[in-house]
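Trainee: Sending over a structure as structure tokens; questions will come in a sec.
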Amino acid sequence: MHDSDRASESEGEGMAQHKVRVRFAPSPTGELHVGGARTALFNWLFARKHQGVFVLRFEDTDVERNRPELVEPILESLKWLGLEWDEGPYFQSQRLPLYQEHARKLLEEGRAYPCYCTPEELEAKRKQALAEKRTPQYDGTCRHLTPQERERLEAEGRRPALRFVSPKEGTTVVEDVIRGPVEFRNEEIDDFIILRSDGRPTYNFAVVVDDLTMGITHVIRADEHLKNTPKQILIYRALGADLPVFAHVPMVLAKDRTKLSKRHGATAVFEYRERGILPEALVNYLARLGWSYGDQEIFSREELIEKFSLEGIHPSPAVFDEEKLLWLNHHYIKTGDPKRLGGLVKAFAVQRGFLGDEEAEKIAEARWARAVELFRERKRTLVELAEAAVPLLTERVEYDPEAVAKFLTPEKTALLQELGGHLEAVPDAEWTAERLEREIRGWLAQRGRELKEIAQPCRVALTGVTRGPGLFETLELVGKERALKRLREAARLAASPS
RNA sequence: GUCCCCAUCGUCUAGCGGCCUAGGACUCCGGUCUUUCAAGCCGGCGACAGGGGUUCGAAUCCCCUUGGGGACGCCA
């Protein structure tokens, strides 16, 4: 009598079975957070791997909590991550007749019945049960009403909700690809509501009707739905339908090992975008969170598609680690195309107010790209990159007082002055790191001095700080005119401590 | 309270009975390189939750305990 239907046949590869169809079904009640993004990613990867279809569906039957204005941001988050959907987005709110039709069928077949209990009555019973440390379950008050009793209740003006008739004996087994068989006793499943009194479906019912009518073959979703699955299986059976394959992916937890929420700081995909995280880094990180392929850490999108499998997903929950995300982000910053990154850095510089829009546009694309090349090994986010690049690309330098005090001594600034005078002779066109290195090393040799004597003073004069890229590269990027000016003015800077 | 899931370094993980005195990655700490800071390279610290079985042999299989998480709505 148990369920072994066909769920365990799972991912039969090679077999010319039905085309894989998966879905991501967020509810527009908040921004797309990293946990949801990972679920979407797994679905997307699975679809791409099997040349299947990735469906997007919004579960928006909860009119009170729904925020239609959040739909667009969720779509944008998915696009930013590169998770393009093939079908949809569908909206449950626009499919009400479909659910009602299926509900009517269940009602006619005696698999569902009207319930006249009010939400208030039910809430009171639930509270009482909890207070008495009993399991809150529907007590079946309306299960066996006579037609006369129903009439009387209708006459009172009560609008019934529809409850599913769930079996009181036996068990229902969820064959989960990630966890294996999970058994539930049917007595733990009460007669749950499938249609609210206003005709809107509840989650468990809408999901089944949708997954069924949309031809979903693999339900890949968050772990928190595992407990709902037996209910859904009962509905599938009542509707005479085959089961999809179920895969419940473990949750993403915060550092304190509880469910990720706003109080844990950044959780939304957008927040990471704003911090200067690259989408490929977040995708790589999320994929590797709870999924693995041997010892490999770095995956291109193509590799992920090639190597992804549901069997590779770990059953245990995983803690989101920002440090590792940053490490991956750094990796992609170090290896990405400087031109593309330069464009992004420019956008961040403007967005964060490091410089004005027009000012940013005046700076050549090649210089933004060059700035990326100089700083990419020392900055982990695009925002940090933008912040660091500005002093070399614009007039905006902030001098660190400590650095000035330490390195711009009268003796050093005199040297810098002299050096500036010497570099005057270098033609604009030859103002390159290579030429400058030759020039400066030669100049130092003549004076019997070493590079380390002027490197830091020079760096501080040029950029305001003690840390940064190589001196010659820095000089080059700052440009002749601006560099000489800063060398000249170093003395004055030191004199006026402000 | 009931039910469900989970359990290898701080974190992500490899491991699917012998290859394990447990491997990799992030973090941290040394060293190296060096014009600074990084990056790179080299090295180090660091785990099979506990107890019973099964087996010639258990991180791997079973049971119990403990711990953690989640779910118990006319929310999704």
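The values are calculated or read from the model by the stated rules, or taken from the named source; none is laboratory data. Keep in mind that this is a model prediction, so the values were computed, not measured. With ideal geometry, Cβ positions are generated from the backbone for all residues, glycine too; neighbour counts draw on all protein chains shown.
Trainee: Which one of these is farther than 30 Å from A:E387 by Cβ and hydrophobic (A, V, I, L, M, F, W, C): A:L260, A:L289, A:L226, A:L282?
Mentor: Values: A:L260 fails: farther than 30 Å from A:E387 by Cβ; A:L289 fails: farther than 30 Å from A:E387 by Cβ; A:L282 fails: farther than 30 Å from A:E387 by Cβ.
Being farther than 30 Å from A:E387 by Cβ and hydrophobic (A, V, I, L, M, F, W, C) holds for just one of A:L260, A:L289, A:L226, A:L282, which is A:L226.
Trainee: Filter region A:198-218 down to residues that are near RNA strand B (Cβ under 8 Å from one of its atoms) and part of a helix (DSSP H, G or I), then give me how many there are.
Mentor: To start, the set of residues in region A:198-218 that are near RNA strand B (Cβ under 8 Å from one of its atoms) comprises A:198, A:200-204, A:206-207.
Narrowing the set further to residues that are part of a helix (DSSP H, G or I) leaves A:203-204, A:206-207.
Count: 4.
Trainee: Inside region A:295-333, can you point out the residues that are touching an Asp or Glu at 6+ places or on another chain (Cβ under 7 Å) and under 18 Å from A:Y272 (Cα atoms)?
Mentor: Correct list: A:Y332 only.
Trainee: How many of the residues in region A:17-32 are within 22 Å of A:P279 (Cβ to Cβ), away from RNA strand B (no atom under 12 Å from the Cβ) and surrounded by fewer than 21 Cβ atoms within 10 Å (Cβ to Cβ)?
Mentor: Number of matching residues: 1.
Trainee: For A:W44, state whether it is under 17 Å from A:V249 (Cα atoms) and modelled with pLDDT of 95 or more.
Mentor: Working: under 17 Å from A:V249 (Cα atoms): yes; modelled with pLDDT of 95 or more: yes.
So A:W44 passes the test.
Trainee: Kindly indicate whether A:T335 is in contact (Cβ under 8 Å) with a residue 60 or more places away in the chain and either crowded, with 16+ Cβ neighbours inside 10 Å or out of contact with any Lys or Arg (no Cβ under 7 Å at 6 or more places or on another chain) (or both).
Mentor: Details: in contact (Cβ under 8 Å) with a residue 60 or more places away in the chain: no; either crowded, with 16+ Cβ neighbours inside 10 Å or out of contact with any Lys or Arg (no Cβ under 7 Å at 6 or more places or on another chain) (or both): yes.
So A:T335 fails the test.
Trainee: May I pose another question? Could you check region A:143-164 and list, in sequence order, the residues that are over 39 Å from the mean Cα position of the chain (by Cα) and surrounded by 12 or more Cβ atoms within 10 Å (Cβ to Cβ)?
Mentor: Filtering region A:143-164 for residues over 39 Å from the mean Cα position of the chain (by Cα) gives A:143-160.
Within region A:143-164, A:R143, A:L145, A:E149, A:R150, A:R152, A:L153, A:E154, A:R158, A:R159, A:P160 qualify.
Trainee: Could I ask something else about it? State whether the residues of region A:221-238 include one that is of a type in the set (K, R), surrounded by fewer than 16 Cβ atoms within 10 Å (Cβ to Cβ) and assigned to a loop (DSSP other than H, G, I, E, B). Break it down stepwise before answering.
Mentor: Going residue by residue through region A:221-238, those that are of a type in the set (K, R) are A:221, A:227, A:231, A:237.
When the remaining residues are screened for being surrounded by fewer than 16 Cβ atoms within 10 Å (Cβ to Cβ), the result is A:227.
Subset that is assigned to a loop (DSSP other than H, G, I, E, B): none.
No, region A:221-238 contains no residue that is of a type in the set (K, R), surrounded by fewer than 16 Cβ atoms within 10 Å (Cβ to Cβ) and assigned to a loop (DSSP other than H, G, I, E, B).
Trainee: Say we look at region A:1-32 and pick out the residues that are at pLDDT 95 or above and outside any loop (DSSP other than H, G, I, E, B); which of these is nearest to the chain's Cα centre (by Cα)?
Mentor: A:F24
Trainee: Have a look at A:A364, A:A386 and point out the one that is under 24 Å from A:F472 (Cα atoms) and either exposed (fewer than 15 other Cβ atoms within 10 Å of the Cβ) or β-branched (V, I, T) (or both). Can you show your working first?
Mentor: Values: A:A386 fails: either exposed (fewer than 15 other Cβ atoms within 10 Å of the Cβ) or β-branched (V, I, T) (or both).
Exactly one of A:A364, A:A386 is under 24 Å from A:F472 (Cα atoms) and either exposed (fewer than 15 other Cβ atoms within 10 Å of the Cβ) or β-branched (V, I, T) (or both), namely A:A364.
Trainee: Something else: Got a number for residues in region A:84-124 being of a type in the set (K, R) and surrounded by fewer than 17 Cβ atoms within 10 Å (Cβ to Cβ)? Don't jump to the end; show me each part of the working.
Mentor: First, the residues of region A:84-124 that are of a type in the set (K, R): A:95, A:104-105, A:111.
This time we only want the ones that are surrounded by fewer than 17 Cβ atoms within 10 Å (Cβ to Cβ), so: A:104-105.
Residues that pass the stated criteria total 2.
Trainee: Taking the stated definitions as given, is A:K259 more than 24 Å from A:N186 (Cα to Cα) and not small (G, A, S)?
Mentor: Against the criterion (more than 24 Å from A:N186 (Cα to Cα) and not small (G, A, S)), A:K259 qualifies.
Trainee: Does A:R221 count as in contact with a helix residue (DSSP H, G or I) (Cβ under 8 Å, 6 or more places away or on another chain), more than 15 Å from RNA strand B (Cβ to nearest atom) and touching a residue at least 40 places away in the same chain (Cβ under 8 Å)?
Mentor: So A:R221 fails the test.
Trainee: Only one of these is on the phi > 0 side of the Ramachandran plot, surrounded by fewer than 19 Cβ atoms within 10 Å (Cβ to Cβ) and under 34 Å from the mean Cα position of the chain (by Cα): A:G180, A:G140. Name it.
Mentor: Details: A:G140 fails: under 34 Å from the mean Cα position of the chain (by Cα).
Testing whether each residue is on the phi > 0 side of the Ramachandran plot, surrounded by fewer than 19 Cβ atoms within 10 Å (Cβ to Cβ) and under 34 Å from the mean Cα position of the chain (by Cα) leaves just A:G180.
Trainee: Still on this model: Which condition from (1) part of a loop (DSSP other than H, G, I, E, B); (2) under 13 Å from the mean Cα position of the chain (by Cα); (3) within 12 Å of RNA strand B (Cβ to nearest atom) is the one that A:A287 breaks?
Mentor: In the conditions (1) part of a loop (DSSP other than H, G, I, E, B); (2) under 13 Å from the mean Cα position of the chain (by Cα); (3) within 12 Å of RNA strand B (Cβ to nearest atom), A:A287 misses (1) alone.
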